[in-house]
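The values are calculated or read from the model by the stated rules, or taken from the named source; none is laboratory data. Fair warning: this is a prediction, and the values are worked out from it, not measured in the lab. With ideal geometry, Cβ positions are generated from the backbone for all residues, glycine too; neighbour counts draw on all protein chains shown.
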Amino acid sequence: MNDKQLAALQQVRKYEVIIKQFIQDERGVGIIYTDDAIAAKILRNTFSSHLQLKGDCLRFAMRESELLKEARRIIELRGKILFFIERVVDNRSNNQLIKFLKITYPEASIILLTTETDRSLLVYLHEIGADNFIVKPVSVNTLIEKIALTIRPQGQLPKLVGLGKELVQLGEYHKALETADKLLEIKPNSSAALMIQGDAYLKMGRDEDALQSYLQAAEYAKMYLEPLKKIVEFFRQKQDVTSQLAYLEKLERLSPMNMDRKIEIGELHLDQGNLETAQDYFQEAVKISTKQARDMIDQVKLTVAEACLKKDAGMAERYFREILDGKSSLSQSDVHVFNRLGIALRKQGKWEQAVKEFKKVLSVANDTEVIHYNIGMAYMEGGRYWDAHDAFEKALKVNEAGILGNDVTAYNIGVLMQQLSKRDKALAMFQRVKELRPDFPGIDKRISDVS
């Protein structure tokens with residue numbers, strides 16, 4: 001193992017400790033709400049097999065009502081919650097659910113499971129309550145890193161920020177201001193500190209001081225939405241429509257996918273007699289609604305395709321192609337569909353077509369190891385072993401820790417290396433599989449064959 005691999009492994013071990021402390025010492029519990037069987041399996045295996053966390057630390061909800069019931073039970077037992085929420089379940093968006101969970105359980109963390117990578121959409125989802133995102137497909141190591149950084153951001157500042165927010169909630173406003181001052185000593189112009197300061201001032205009835213703190217927070221963190229939302233609410237309470245509109249439009253520029261805000265801005269312009277401007281905002285709201293409707297149709301097709309993939313890869317291929325045929329251009333969010341289409345083609349023995357489809361998405365996903373890996377698998381199935389070797393090498397170059405963190409991917413690369421008589425590399429891969437999963441079927445014989 002080289003220095004880079006060793007450093008990556010040590011970092012993963014640190015993240016593992018954070019998750020174990022959350023579960024074992026802080027009564028943390030994960031609640032998963034998804035209809036993606038693969039995502040659910042990866043999460044289950046990560047907690048039970050990789051992290052060796054036993055007991056009832058990870059719970060699965062099949063319906064929204066079950067999710068809410070589990071959440072109430074955990075809070076009653078004074079536990080901490082980590083939500084894993086699929087963006088779309090049963091062809092329904094979970095945006096409203098995310099908003100509700102963030103309001104009802106503000107101390108809980110929400111990780112959103114999605115295949116989307118559109119920046120505007122992710123900004124909007126963060127705005128309504130998502131603390132972090134897991135873009136599928138995901139490796140075990142990346143999953144562990146995302147979970148650890150969500151439940152415990154690194155460094156001293158996040159701890160003080162958490163303390164300051166807690167003091168405001170407890171009504172200890174002077175202590176909250178002292179905490180904000182400490183934060184500002186460590187990091188001058190910290191927007192998080194200024195937000196705590198503003199919240200404390202507002203609760204103390206010092207409205208103008210609160211406004212100045214919020215304005216400074218917005219000035220020092222141009223992409224931070226929360227100060228702007230506080231400012232909008234401040235002017236809404238003061239019935240200052242002009243200022244309210246100005247800051248709503250600033251929010252709009254940062255997070256343009258919020259349909260409700262577009263309607264609110266349109267209504268305010270309508271009240272002021274700005275009919276054309278109001279119409280523009282209303283039309284933008286309709287466009288977002290139309291796009292969301294198209295996305296929902298694609299999600300239905302994706303669900304159908306995944307169901308077909310288990311029994312009829314040809315039928316799955318048709319649905320995957322229907323989704324992609326409606327695209328005028330490709331983006332990162334299409335990687336998942338191309339990946340699944342390629343797998344459907346491989347299942348039918350159409351390995352050459354699979355390679356062709358995988359390569360189409362490389363223009364927007366050249367740094368996605370799973371695409372290079374699946375190109376390698378397709379070449380391997382077609383008997384083009386050296387082409388497979390080159391594709392696997394590219395996958396390892398993009399994300400070696402991710403590829404070697406999965407027992408199946410490491411095993412398949414080992415099999416190829418054995419086929420090419422690269423015994424040392426094959427042995428290293430098989431030993432890695434043994435380390436990850438000692439009972440992996442046939443691994444002892446593979447190790448013996450290349451030793």
Just checking, does the stretch 366-373 include any residue being outside any helix (DSSP H, G or I), within 21 Å of residue 413 (Cβ to Cβ) and among the polar types (S, T, N, Q)?
yes
If the requirement is being over 30 Å from residue 46 (Cα atoms), buried (at least 18 other Cβ atoms within 10 Å of the Cβ) and not β-branched (Val, Ile, Thr), which of these qualifies: 225, 184?
225
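Matching residues to (1) among the hydroxyl-bearing types (Ser, Thr, Tyr); (2) touching a residue at least 40 places away in the same chain (Cβ under 8 Å); (3) over 21 Å from residue 120 (Cβ atoms); (4) in contact with a Leu (Cβ under 7 Å, 6 or more places away or on another chain):
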{"residue": "240", "(1), (2), (3), (4)": "no, no, yes, no"}
{"residue": "257", "(1), (2), (3), (4)": "no, yes, no, yes"}
{"residue": "264", "(1), (2), (3), (4)": "no, no, no, yes"}
{"residue": "271", "(1), (2), (3), (4)": "no, no, yes, no"}
{"residue": "274", "(1), (2), (3), (4)": "no, no, yes, no"}
{"residue": "285", "(1), (2), (3), (4)": "no, no, no, no"}
Looking at the stretch 394-408 only, could you name the residues that are closer than 20 Å to residue 379 by Cβ, among the hydrophobic types (A, V, I, L, M, F, W, C) and surrounded by fewer than 22 Cβ atoms within 10 Å (Cβ to Cβ)?
396, 398, 408
In the same structural domain as residue 325 (by TED's automatic domain parsing), more than 23 Å from residue 119 (Cα to Cα) and hydroxyl-bearing (Ser, Thr, Tyr) - does that describe any residue in the stretch 227-246?
no
Single residue of the stretch 118-168 satisfying the filter (outside any helix (DSSP H, G or I) and touching an Asp or Glu at 6+ places or on another chain (Cβ under 9 Å)) that is farthest from residue 370 (Cα to Cα):
133
Considering only the stretch 396-447, state which residues are aromatic (Phe, Trp, Tyr) and either closer than 23 Å to residue 371 by Cβ or touching an Asp or Glu at 6+ places or on another chain (Cβ under 7 Å) (or both).
411, 440
Checked the stretch 169-192 for anything of a type in the set (A, V, I, L, M), more than 29 Å from the chain's Cα centre (by Cα) and assigned to a helix (DSSP H, G or I); matches are 176, 177, 180, 184, 186
What about residue 250, is it farther than 30 Å from residue 321 by Cβ, of a type in the set (Lys, Arg) and outside any helix (DSSP H, G or I)?
no
Scan the helices (runs of 4 or more DSSP H) fully inside the stretch 1-105 and keep the ones with 2 or more residues being more than 20 Å from the chain's Cα centre (by Cα).
3-24, 64-76
If only one of 146, 182, 165, 102 is basic (Lys, Arg) and under 26 Å from residue 49 (Cβ atoms), which one is it?
146
Using beta carbons and a limit of 8 Å, which pairs, at least six apart or on different chains, have the first residue in the stretch 220-235 and over 13 Å from residue 191 (Cα atoms) and the second one modelled with pLDDT of 85 or more and charged (D, E, K, R)?
234/207
Residue 205 being outside the structural domain of residue 162 (by TED's automatic domain parsing), surrounded by fewer than 20 Cβ atoms within 10 Å (Cβ to Cβ) and not in a helix (DSSP H, G or I):
no
Considering each residue of the stretch 177-192, count those that are of a type outside the set (D, E, K, R) and closer than 13 Å to residue 159 by Cβ, and give that number.
4
Residue satisfying condition, being of a type in the set (D, E, K, R) and more than 25 Å from residue 115 (Cβ to Cβ), within set 284, 267
267
What number of residues within the stretch 393-432 satisfy the criterion of being among the small types (Gly, Ala, Ser), outside any helix (DSSP H, G or I) and either more than 19 Å from residue 143 (Cα to Cα) or not assigned by TED's automatic domain parsing to the domain that holds residue 444 (or both)?
1
Among the residues of the stretch 381-405, write down those that are in contact with a helix residue (DSSP H, G or I) (Cβ under 6 Å, 6 or more places away or on another chain) and touching a residue at least 40 places away in the same chain (Cβ under 8 Å).
399, 401, 402, 403, 404, 405
